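Read the structure below first, then the notes.
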């Protein structure tokens, strides 16, 4: 059984958009990593590296780490907000990684190729430069 032509065209358009978005994202993050490394050299111990996926995975712990880095106390209002959001039924990690379930092998290969510079940058530790 074959899919209707309109559905196939829509899926292909969506697939190409995903590859385009990933390519733009990788270029932006690569540029940001290069800037971060330059800033870390210029301002040692004053840059706090933060990854979105890590925050989504454990918001409370990363918030404590940020305030500790700043040598500040966490405001009660912030703790309350974290407590309220941690109780939500929607799982932030699942939402943040949902895209992984919809990639085809071809899309994955295109993204890996487009993001090769970013992956090379990520293999180098910024504090080792």
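Would you please give the FRET efficiency between residue 64 and residue 36, computed as 1/(1 + (r/R0)^6) with r the Cβ-Cβ distance and R0 = 25 Å, to the nearest 0.05? After rounding, the FRET efficiency stands at 0.70. How large is log10 of I(q)/I(0) for the stretch 15-65 at q = 0.16, 0.29 Å⁻¹ when the intensity is taken from the Debye formula with one equal scatterer per alpha-carbon? Evaluating at q = 0.16, 0.29 Å⁻¹ gives log10 I(q)/I(0) of -0.67, -0.99. Packing here is the average count of other Cβ atoms within 10 Å per residue, and on that basis the peptides 115-122, 70-77, 36-43, highest first, run 115-122, 36-43, 70-77.
Rule-based calculations on the coordinates, nothing more; no lab input. Source: prediction; values computed, not measured. Cβ coordinates were reconstructed from backbone atoms using ideal geometry, including for glycine residues, and neighbour counts include every protein chain displayed.
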